[in-house]
Amino acid sequence: MLSDVKCRHATSEGKKIKKLPDSGGLYLWVFADGKKYWRLRYSLAGKEKCLSLGVYPRIGLKDARRRRDVELRRLDDNLDPAAERRAEKIRAKNAAANSFEAVAREWHGKQKHLWVPHHAADVLRRLEKNSFPQLGRRPIAEIDAPELLAAMRKIEARGAHDLAHRVLQVCGQVFRYGIVTGRCTRNVAMDLRGALTPHKRGHQPAVKSDELPNLMRAIATYDDGRGTQQTKLALQLLALTFVRTSELIRAEWTEIDLDEALWIIPAERMKMRDEHVVPLSRQAVAILKELLKIRTVGPYVFSGLSPRKPISNNTMLFALYRLGYKGRMTGHGFRAVASTILNEMGFRGDVIERQLAHNERNAVRAAYNRAEYIAERTEMMQTWANHLDAIEGGAKVLPFRSARS
């Protein structure tokens, strides 16, 4: 029988391997380099076999004997410990391949080419921060509704009720993917309908039409305190084009044709994955020419602290805060106010919606909508720019009734 002292001081005594017996087939193998390993020798069907039980001293004598007893009980049940060890490794490998995290990442990899990059990153980040810590290692087929609900409750406990609904929606898509790929049989997210705290999603804050003149005057006087007009010009161009903020801040000079007065946003940067044409008014062209004067070596129209990166998502939002419009206006709000006023002016709804780049449900029609209504859109964008100029200067502009209405 071995003891802790014997194990600690054992050497190979010049041999390549010295095998020190304990009991029940347990041995401590001592190598010439000083390394020590536990081995279990046993016989099955007349054949002698050997099974590794760990490395000494990480596995002490007491633990080694406990592991020996576990394996001997398997022998009593006519099971081969070595074969069972291999089977356990296979099961563990399969469980890892079919874990919630593995299935979720596989699903995300299949979907991300359909999304703009920042949305794909947002979806993955929600999973990594809000689902994987609790559910990631669990086999997706073993997750039940109460377990999923517990993970969502942790998000709600932070007061992030809207996020909890968004994460649950994404989890539901992962479970559906798990079903079609044979990793689970039920979408347990469906069982949580009505279980989360109700949350009403509000619209992005936007000023009313009669508040727009004061906003445009405030933007015209904006000073970021760093001796650059870039943020002011970004806000003015956002108002003139009413594109999404993410589309503006990632704008590259290669997308803009000042001679043709067109800005063509590639499909991979658009929310709906369709190339989008923005007719540029004379005022928009003038702003872009001003930006050319302060252009850095990078590709972006609005460069960040590094010329190889665009300005932050928050640059224009914080500028609006400084102007006193916190909770009253966002970059996205220009889309809402432009839509309202252009409808009041009498421009056709289809023309406005096309310029807003809203989703085209008809896939065949979407393939041809790049320049749809381009003449009307060009007229509309110039009329809108003239309107912004006029109200900034204090004029009271009467609603324009389009001849096409």
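The values are calculated or read from the model by the stated rules, or taken from the named source; none is laboratory data. A quick note: this is a predicted structure, and the numbers were derived from the prediction, not measured. Don't worry about glycine lacking a Cβ; one is built from the backbone with ideal geometry, like all the others, and counts go over all protein chains shown.
Please list, ordered by first then second residue, the pairs with beta carbon atoms under 7 Å, 6 or more apart or interchain, first in region 150-165 and in contact (Cβ under 8 Å) with a residue 24 or more places away in the chain, second surrounded by 14 or more Cβ atoms within 10 Å (Cβ to Cβ) and of a type in the set (Gly, Ala, Ser). As it stands, the answer is Met152/Ala164; Ile155/Ala164; Glu156/Ala164, since those pairs meet every condition given. Among the residues of region 313-347, those identified as within 29 Å of the chain's Cα centre (by Cα), part of a loop (DSSP other than H, G, I, E, B), farther than 18 Å from Gln229 by Cβ and touching a residue at least 40 places away in the same chain (Cβ under 8 Å) are Asn313, Tyr325, Gly327, Arg328, Met329, Thr330, His332. Thr185 passes all but one of (1) exposed (fewer than 12 other Cβ atoms within 10 Å of the Cβ); (2) touching a residue at least 12 places away in the same chain (Cβ under 8 Å); (3) more than 22 Å from Gly136 (Cα to Cα); (4) of a type in the set (Ser, Thr, Tyr); which number fails? That leaves (3) as the condition not met.
Contact annotation: residue pairs with Cβ atoms under 7 Å, 6 or more positions apart or on different chains, pairing a residue in region 276-298 that is in the same structural domain as Phe242 (by TED's automatic domain parsing) and within 19 Å of Ile249 (Cβ to Cβ) with a partner that is β-branched (Val, Ile, Thr) and crowded, with 21+ Cβ neighbours inside 10 Å, are His276/Ile265; Val278/Thr241; Val278/Val243; Val278/Ile265; Ala284/Thr241; Leu288/Ile256; Leu291/Val301. In this entry, Ala220 passes the filter for residues that are surrounded by fewer than 16 Cβ atoms within 10 Å (Cβ to Cβ), in the same structural domain as Leu342 (by TED's automatic domain parsing) and under 19 Å from Val337 (Cβ atoms).
The number of residues in region 251-266 that are surrounded by fewer than 20 Cβ atoms within 10 Å (Cβ to Cβ) and either in contact with a His (Cβ under 8 Å, 6 or more places away or on another chain) or part of a loop (DSSP other than H, G, I, E, B) (or both) comes to 6.
When region 67-111 is filtered for residues that are among the basic types (Lys, Arg), at pLDDT 90 or above and surrounded by 12 or more Cβ atoms within 10 Å (Cβ to Cβ), the ones remaining, listed by number, are Arg67, Arg68, Arg105.
Residues satisfying the criterion are present in region 133-143 (criterion: among the charged types (D, E, K, R) and part of a helix (DSSP H, G or I)).
Each row is one residue, and each column tells you yes or no for (1) in the same structural domain as Ser339 (by TED's automatic domain parsing); (2) more than 24 Å from the chain's Cα centre (by Cα).
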position: Arg158; (1), (2): no, no
position: Val167; (1), (2): no, no
position: Gly172; (1), (2): no, no
position: Phe175; (1), (2): no, no
position: Gly178; (1), (2): no, no
position: Thr181; (1), (2): no, no
position: Thr185; (1), (2): no, yes
position: His199; (1), (2): no, no
position: Leu215; (1), (2): yes, yes
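Are any of the residues in region 354-367 over 32 Å from the mean Cα position of the chain (by Cα), surrounded by fewer than 19 Cβ atoms within 10 Å (Cβ to Cβ) and modelled with pLDDT under 90? No; the residues of region 354-367 include none that is over 32 Å from the mean Cα position of the chain (by Cα), surrounded by fewer than 19 Cβ atoms within 10 Å (Cβ to Cβ) and modelled with pLDDT under 90. Taking strands (runs of 3 or more DSSP E) that fall entirely within region 1-111, which contain at least 3 residues that are more than 30 Å from Gln173 (Cα to Cα) and within 49 Å of the chain's Cα centre (by Cα)? In region 1-111, the matching strands (runs of 3 or more DSSP E) lie at 36-44, 47-56. Could we say that Ala45 is loosely packed, with under 11 Cβ neighbours inside 10 Å and farther than 30 Å from Thr11 by Cα here? So Ala45 passes the test.
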